[in-house]
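The values are calculated or read from the model by the stated rules, or taken from the named source; none is laboratory data. These numbers come from a predicted model, not from an experiment. Cβ sites come from the backbone with ideal geometry, for glycine too, and all protein chains shown count toward neighbours. Surface accessibility is based on the protein's heavy atoms, side chains included, excluding ligands, DNA and RNA. Shrake-Rupley method; radii C 1.70, N 1.55, O 1.52, S 1.80 Å.
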Amino acid sequence: MSSSVFAVVTAAGSGSRLGHDTPKALVQLAGVSLVRRAVDGIRVAGVDGVVVTAPPTHLGEFEQIFAQEPDVAVVPGGNIRQDSVYNGLLEIPRLAKRIGKELDERTPVLIHDAARCLTPKRAIRDVIEALESGLKAVIPAVPVTDTQKVVEPVGASSKIEKVVGQVDRAQLRGVQTPQGFHWETAMRAHEAGRELLAQGVELTDDAGLVEALGEDVHVTPGSALSMKITTKLDLVVAAEILARPDQYQSLMGE
């Protein structure tokens, strides 16, 4: 079992779809910012050190939030998520040295979205424990419940599409975060990912970078509470969940 666990929390996204002109991670949910909730949530699950990637234009605001917390480092994010995660990974060795924690090639490293700030402890612990058991890449996911259709555009219309096929949803999973990796695997995947970016290839998640290496990725159970807060409706739903503390605590233990 590893003696330490680290995480990168990506928090460099815009809050425009939430109706705010500040970074999404600074938007308040029941009086607490999304980034504060996300960092606290993974700490409770046993993470020793956290690197937060923040918009360069608002770096000072994020640093102020965590100014009294030596186990949290704030670094500038990049133009795309992949760049932000890479910046965060590069900071982990310095953070480990600062807080006196061990970092080796098998150390679990989680990559988490601040926008999934209600992710329950159980979902995070499942990923950590799978990594500690020896698996190199582990992602939480949930079964897809909607029927999945394959479509193609109809003429020049941007609203109407034609169904050309259907996908068996029993084989599909909706991927969430935190995605977890051994330290060596995470770094190797993101180094290779930078080469792919130079060739114009951008993958949508960290597990995709590991898959591109030909490595196995395993899945643990995700949670409905790991919803990604992206739109105004998401924010309303999340606030309603928190307004019902008994039900929320019950869901947290699912």
- Residues of region 53-76 satisfying the condition of being open to solvent by less than 10 Å² (accessible area, probe 1.4 Å) and not aliphatic (A, V, I, L, M): Thr53, Phe62, Phe66
- Query: Restricting attention to region 80-88, does a residue exist that is within 15 Å of Val5 (Cα to Cα), in a helix (DSSP H, G or I) and either of a type in the set (Ser, Thr, Tyr) or within 21 Å of the chain's Cα centre (by Cα) (or both)?
  - Reply: yes
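Given the structure, is Lys101 under 21 Å from Phe181 (Cα atoms), open to solvent by 40 Å² or more (accessible area, probe 1.4 Å) and in a helix (DSSP H, G or I)?
Criteria not met by Lys101.
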- Note on the structure: Checked pairs for region 128-143, first among the hydroxyl-bearing types (Ser, Thr, Tyr), second at pLDDT 95 or above, C-beta under 9 Å and 6 or more apart or across chains, list as none
- Query: List the pairs whose first member sits in region 81-92 and is surrounded by fewer than 23 Cβ atoms within 10 Å (Cβ to Cβ), whose second member is assigned to a helix (DSSP H, G or I) and at pLDDT below 95, and whose Cβ atoms are under 6 Å apart, counting only residues at least 6 apart or on separate chains?
  - Reply: Gln82/Gly193
- Would you mind telling me which numbered condition in (1) open to solvent by 30 Å² or more (accessible area, probe 1.4 Å); (2) under 29 Å from Leu235 (Cβ atoms); (3) not basic (Lys, Arg) Leu118 fails? (1)
- Message: Looking only at region 44-58, filter to residues that are in contact with a strand residue (DSSP E or B) (Cβ under 7 Å, 6 or more places away or on another chain) and not in a strand (DSSP E or B); which one of those is nearest to Glu102 (Cα to Cα)?
- Response: Asp48
- Restricting the first residue to region 192-208 and requiring it to be touching a residue at least 40 places away in the same chain (Cβ under 8 Å), which pairs with a second residue that is assigned to a loop (DSSP other than H, G, I, E, B) and surrounded by 15 or more Cβ atoms within 10 Å (Cβ to Cβ) meet a Cβ separation below 6 Å and a spacing of at least six or different chains? Ala207/Val217
- Item | Near pairs, Cβ below 9 angstrom, 6+ apart or cross-chain, from region 44-69 (without any contact (Cβ under 8 Å) to a residue 12 or more places away in the chain and under 20 Å from Asp83 (Cβ atoms)) to any residue that is open to solvent by less than 30 Å² (accessible area, probe 1.4 Å) and not aliphatic (A, V, I, L, M) | Thr57/Pro23
- Task: For Val138, indicate whether it is at pLDDT 95 or above, hydrophobic (A, V, I, L, M, F, W, C) and either open to solvent by 60 Å² or more (accessible area, probe 1.4 Å) or more than 20 Å from Leu110 (Cβ to Cβ) (or both).
- Result: no
- Would you mind stating whether Ala7 is within 28 Å of Ala198 (Cβ to Cβ), modelled with pLDDT of 95 or more and either open to solvent by 20 Å² or more (accessible area, probe 1.4 Å) or outside any loop (DSSP other than H, G, I, E, B) (or both)? yes
- How many residues are in contact (Cβ under 8 Å) with a residue 40 or more places away in the chain, within 19 Å of Ile80 (Cβ to Cβ) and assigned to a helix (DSSP H, G or I) when one looks only at region 11-34? 3
- Which condition does Ile42 not pass, out of (1) out of contact with any Cys (no Cβ under 7 Å at 6 or more places or on another chain); (2) within 25 Å of Ala141 (Cα to Cα); (3) modelled with pLDDT of 95 or more; (4) open to solvent by 20 Å² or more (accessible area, probe 1.4 Å), if it passes all the others? (4)
